[in-house]
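A.B. asks: Below is one structure. I have some questions about it.
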Amino acid sequence: MRRKNIINSENAVSEVVDVVLILGIMLIAITVITVAGFPALQNMQESGHKENIRQSFIVLGENVNKVVFDNAPSQSIELKMYGGGIWVTGNSSINVELETWNATNSTPEIQTRYTQLRELQNQYEDTTISYENTGVWAKYGTGEAVIVREPQFINSDELLVIPFTLVTGVDGIAGEGLVRVIAEKDSVPQVYKYQNVSAVNITIQSPYYTAWEDYLNETLGMQIVDMDHMNSTVNASRSYAKNTDVYILQSSIEMTIE
């Protein structure tokens, strides 16, 4: 019989090449999954966190508004943080000019009411979500602002109710975990009534002024008079063919974060 030379045999070489190829393919696959899959998984996780924050602020808005409209003396809301921070901040404001009819002088006159608003803001990654003047708003890294929960204006035939809600407080917390937001009535809500109103002009300064523009125009049927992008301000106006009654509900809510 002829003996084979094991050293010169190509079978072992073929097996080694196969193993090296398999290991190479596995390494490439793991690298592709790590490079492409992990960021996608991370983005999905961040999107889930943002949606949870959004839903939490909708619930927060509903509860805080019970205090605003004097349906409860205080409310306590638990929120989960995924990083970033939550605090009372801002210098937003609202100014309303009303044209009323003075029956005594038989002339129109302008009445004005102004208040600072401020906001409870949660910032996570490139997104901020805030409670401001009975509504919930969001602003993304692109600069786009949207309405998450509409503010509680009441607009019907011959009636317009405008909330003026000042958020007070100095608390803020950053990090992860559960926090509790306590909203308490800071003062007795005041109601101001204006009768025979023929025109309303509203000016709002806010980081979410473009979303306020949509609300004033599309929901309240007001005409946008001016957009001041430098000062984050929107001005809207509406004239009424039939005089209407306007109520301004002014309240102050103190928020504590624990």
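The values are calculated or read from the model by the stated rules, or taken from the named source; none is laboratory data. Everything numeric here is computed off the predicted structure, so don't read it as measured data. In case anyone asks, the SASA skips ligands and DNA or RNA and just uses the protein heavy atoms, side chains included. Shrake-Rupley method; radii C 1.70, N 1.55, O 1.52, S 1.80 Å.
A.B. asks: Given the pairs LYS139/LYS242; LYS66/LYS242; LYS80/LYS139; LYS139/LYS193, which are separated by over 27 angstrom at their Cα positions?
C.D. replies: LYS139/LYS242; LYS66/LYS242; LYS139/LYS193
A.B. asks: When ligands, DNA and RNA are left out and all protein chains stay put, how many square angstrom of accessible area per residue does the stretch 188-258 have with a 1.4 Å probe? Display every interim value, and only then the final one.
C.D. replies: Values: 3350 Å² over 71 residues.
Solvent-accessible surface per residue comes out at 47 Å².
A.B. asks: Now for a separate question. Which value results when the Cα radius of gyration for the stretch 154-258 is divided by 2.2 N^0.38 Å?
C.D. replies: Rounded to two decimals, the normalised Rg is 1.32.
A.B. asks: Pull out the extension gain between TYR140 and THR112, defined as 0.36 nm times the separation in residues minus the alpha carbon to alpha carbon distance; nm, one decimal.
C.D. replies: My answer for the length gained is 6.8 nm.
A.B. asks: Follow-up question, since we're still on this one. From largest accessible area down, sort TRP101, TRP137; use a 1.4 Å probe on the protein chains.
C.D. replies: Correct descending sequence by accessible area is TRP101, TRP137.
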